[in-house]
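The structure appears below as C-alpha cells.
Nothing in this text is a laboratory measurement; each read-out follows from the coordinates by a stated rule. Quick caveat: nothing in here was measured; it's all calculated off a predicted structure. A quick note on method: Cβ atoms are made from the backbone with ideal geometry, for glycine too, and the neighbour counts reach across all protein chains shown.
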Amino acid sequence: MKKVLLFVAIVATLGFISCNTAQQKAEKATQDSIAEAARLDSIAKVQADSIRAAIEAAEAAAADTLEQVVEEAAAPANQ
C-alpha cells in the first residue's frame, strides 16, 4: 500500500512539474510572439517614414521644377 501511495505521489509530482514547464514554455512563446510583432511594427514604421520622406522630397523637387519653368516662361514676356 505504501508503494502505491508513493507511486501516486511521484506521478502527481511529475505531472505538476510537467504542466508548470508547459505553461512556462507557452508564456515564453507568447512573449516571443509579442516581441517579434513589435519588431516588425518598428520596421514597418521606419519603412513608412522613409517612403513618406522620399515622397515629400519628390514633391518639393517637382514644385521647384515647376516654379523654375514658370519663371523661365515668364522671362521672355518681361523682356
**Q.** Pairwise Cα inverse-distance average, inverted: Kirkwood Rh of the chain (Å)
**A.** 19.2 Å
**Q.** Net charge of neighbours whose Cβ lies under 15 Å from the Cβ of Ile51, counting Lys and Arg as +1 and Asp and Glu as -1
**A.** -1
**Q.** Cα shape, segment 1-46, gyration tensor, a/c 1.5 rule
**A.** prolate
Q. Relative to the longest principal Cα axis of the chain, at what angle does helix 2-78 sit, 0 to 90 degrees, rounded to 10?
A. 0 degrees
Q. Which of the listed residues, Ala9, Thr30, Gln68, is farthest toward the dipole's positive end in the chain, when Lys, Arg count +1 and Asp, Glu count -1 at the beta-carbon?
A. Ala9
Q. Among the aspartates and glutamates, which fall within straight-line cross-link reach of Lys28, defined as a Cα-Cα distance under 18 Å, with same-chain neighbours fewer than 8 residues apart omitted?
A. Glu36
**Q.** Gain upon complete extension [Lys45, Leu5; 0.36 nm per residue less C-alpha separation]
**A.** 8.4 nm
Q.
Explain nothing, just the number: dipole magnitude of segment 18-60 about its Cα centre with +1 on each Lys and Arg Cβ and -1 on each Asp and Glu Cβ, in debye rounded to the nearest 20.
A. 240 debye
Q) Suppose every K and R has +1 on its Cβ and every D and E has -1 on its Cβ; what is the size of the dipole of the chain about the Cα centre, in Debye to the nearest 20? A) 1560 debye
Q. In a shell of Cβ-Cβ distance under 13 Å around Ser33, excluding Ser33 itself, what net charge do Lys and Arg (+1) and Asp and Glu (-1) give?
A. -1
